[in-house]
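The values are calculated or read from the model by the stated rules, or taken from the named source; none is laboratory data. Nothing here was measured: the structure is a model prediction, and the numbers come from that model. Note that each Cβ is placed from the backbone with ideal geometry, even for glycine, and that neighbours are counted across all protein chains shown.
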Ligand SMILES: *Cc1c(COP(=O)(O)O)cnc(C)c1O
């Protein structure tokens, strides 16, 4: 009889381990139902407002990525995460004057939302002597309140960004309109899937489609998501986290 090697989870947060296991099982079920390979969807723990030890508990329970929205939060605790930088992605709006702060703390910026930001990120990566993975954020619902490339413009922008020397274009990211999420209306995710397939034809290194949150990750997986970004579903509602 062999031993099954498991990561040891943090006994202080059994509910986090339970939630991570629930998501991992549900992702495996959805992958199977869609005819996708087991493990083709990665579970990201979205860390905003969540205490670092709880995020680490999610990692040790099997979540494989951490998503940070806020530069300040990331800087305050980047050395306290129990995972290497390769598992930390930036997913929030990034101002160009903050790039320097995060360039060595994350392995991927999922929220590249303009050519201006892409150019500044590539320049900073070059200066730091690194290659930075990036996803292009698509404002799929064309909402005023969100930044990102338009669905009509993202493929053209991808051409320019793929040619930037210190960026590696890995795919697309989106947050769909809240109303569509609540209505389980898959049309925006289907549009994202079509954009992603078109991107992959032109740029075979593009292997990442980051979409789906607590309220809509199932639809996202059915539409080809390779990363789902889960906050509340793992850690509870954010107004109970602070303090
Ligand atoms: C907060 C956030 C998430 C997670 O949202 P939940 O509804 O808590 O799962 C995912 N992606 C981004 C960009 C976010 O800001």
Checklist outcome for this item: For the stretch 36-67, the count of residues that are more than 13 Å from the ligand (Cβ to nearest atom) and assigned to a strand (DSSP E or B) equals 1
Checklist entry - Would the stretch 68-80 turn up any residue that is touching a strand residue (DSSP E or B) at 6+ places or on another chain (Cβ under 8 Å), more than 14 Å from the ligand (Cβ to nearest atom) and over 21 Å from residue 199 (Cα atoms)? => result yes
Checklist entry - Give me the pairs: first residue in the stretch 36-53 and on the phi > 0 side of the Ramachandran plot, second residue assigned to a loop (DSSP other than H, G, I, E, B) and exposed (fewer than 15 other Cβ atoms within 10 Å of the Cβ), beta-carbon distance under 7 Å, and six or more apart or on different chains, which are they? => result 49/242
Checklist entry - Taking the stretch 1-16 as the region of interest, how many residues are loosely packed, with under 12 Cβ neighbours inside 10 Å and either over 12 Å from residue 62 (Cα atoms) or at pLDDT 95 or above (or both)? => result 7
Item to check | Residues of the stretch 190-243 that turn out to be under 17 Å from residue 111 (Cα atoms) and within 16 Å of the ligand (Cβ to nearest atom), as a count | outcome: 14
Item to check | Boolean, residue 19 is crowded, with 20+ Cβ neighbours inside 10 Å, modelled with pLDDT of 95 or more and more than 16 Å from the chain's Cα centre (by Cα) | outcome: yes
